[in-house]
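Remarks on the structure that follows.
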Amino acid sequence: MTTEFNLDGFDSPVPVTIHPGASSRTLTKEHVLGFKGFADWKAQLGNSLRIQHTDKEHTFYGKPASLKSVEIQSVDWFGPNVGFMKTKPVIVSDDGREIPGICFLRGGSVAVLIILRPRDAREERMVVMTEQPRVPAGSLSFMEIPAGMLDTSDNFAGKAAKEIEEEVGLKIPHSELLDLTQLALSKATRNPEGLLDAMYPSPGGSDEFITIYLWEKELDRQEIEDLRGKLTGIKTQGEMITLRLIEYEALWRECARDAKTLAAWALYEGLNRDGTLKRSLKRQLTGLSSDGTTEEMPTARGRRRFQK
């Protein structure tokens, strides 16, 4: 049986249809609206549709688009909760053009670029990579920087620190993580829609956004070498992870298949080149902002800015 309900928050109520074959169990309006990926997507799209009426540089200014309907085509469950959702929204501009877009909704993720320097040769830089099965890529040994999906909370730094502990075996305080995406995008000149301070690896098909952190640390050489080839991961979740060490200078070449690794490398290079990284690391060590006041850690949302 097809289930229908109206989605509020737009210029007019938007009909939502749950396809009868969307789920192996009963999928309700409450399940859909309670799925964080759907709720965040709805909020972002609603904001973007409003902006087109006021931003004269917007592509759809003068011929605004509107959301006409949403079809829920399929879902996958994580226990009692929706984990992934595939939808087909129908968005049509005022001049009758339909904007294509089938959406795989999964929510956000975090990734961490871990750069370790041996104390006896600080100019050396090693990057900690994980090698694990990635079935969608048809791979049983895909190389990437440590990463993980966000849960229902917005504690991005906390989730990043947890992933490092689970995948690498190193326990670190949140305060030692530096948000590379926020640092770079804080200087962006245009973001009228209020998109998150994150990297979107596949915006043509998925809502996924990735906040990329840096953890750069000096360790004894033996501590670094002990990570090489280490087997990690949460066995109860089917994780089978082998740690690899890659020289930083070879990272862009050896790990170019992974979008988040390339993005992390590009952010690190760019922020290092313009001096932002050095200043930020110094402030992180001293706990002071540029005007001498105490600087707090960023708040959870990707739109966050340092609070003075």
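Of all the options E269, E176, E163, the one that moves most in a Gaussian network model of the chain with Cα springs shorter than 10 angstrom is E269. In this calculation the C-beta distance from K278 to R125 is compared with R0 = 25 Å, giving a FRET efficiency of 0.95. Taking a straight Cα-Cα cut-off under 14 Å and skipping sequence neighbours fewer than 8 places away in the same chain, the aspartates and glutamates within cross-link reach of K162 are D151, D154, E176.
Here K68 is the anchor, and the aspartates and glutamates within straight C-alpha reach of less than 17 Å, apart from those fewer than 8 places off in the same chain, are E4, D8, D11, D94, D95, E98.
Structural descriptor for the chain: relative contact order 16 percent, calculated from alpha carbon pairs under 8 angstrom and at least 6 residues apart.
For the range 115-193, the relative contact order comes to 15 percent (Cα pairs under 8 Å, sequence separation of at least 6). Relative to the longest principal axis of the Cα atoms of the chain, the long axis of helix 36-51 makes an angle of roughly 70 degrees.
Computing P(r) over Cα pairs in 20 Å bins from 0, in percent directly from the structure and comparing it against (1) 32, 58, 10, 0; (2) 29, 53, 18, 0; (3) 36, 60, 4 singles out (2). Comparing R228, R283, R134 in a Gaussian network model of the chain, where Cα atoms under 10 Å apart are tied by springs, the biggest mean-square fluctuation is seen for R134. Comparing mean-square fluctuations of G148, G233, G62 from a GNM of the chain with C-alpha springs under 10 Å, the top value falls on G62.
Values quoted throughout were computed directly from the atomic coordinates according to the rules given, and no laboratory measurement underlies them. Small disclaimer: the values here were computed from a predicted structure and weren't measured. For neighbour counting, all protein chains shown are included, and Cβ atoms are generated from backbone atoms with ideal geometry for every residue, glycine included.
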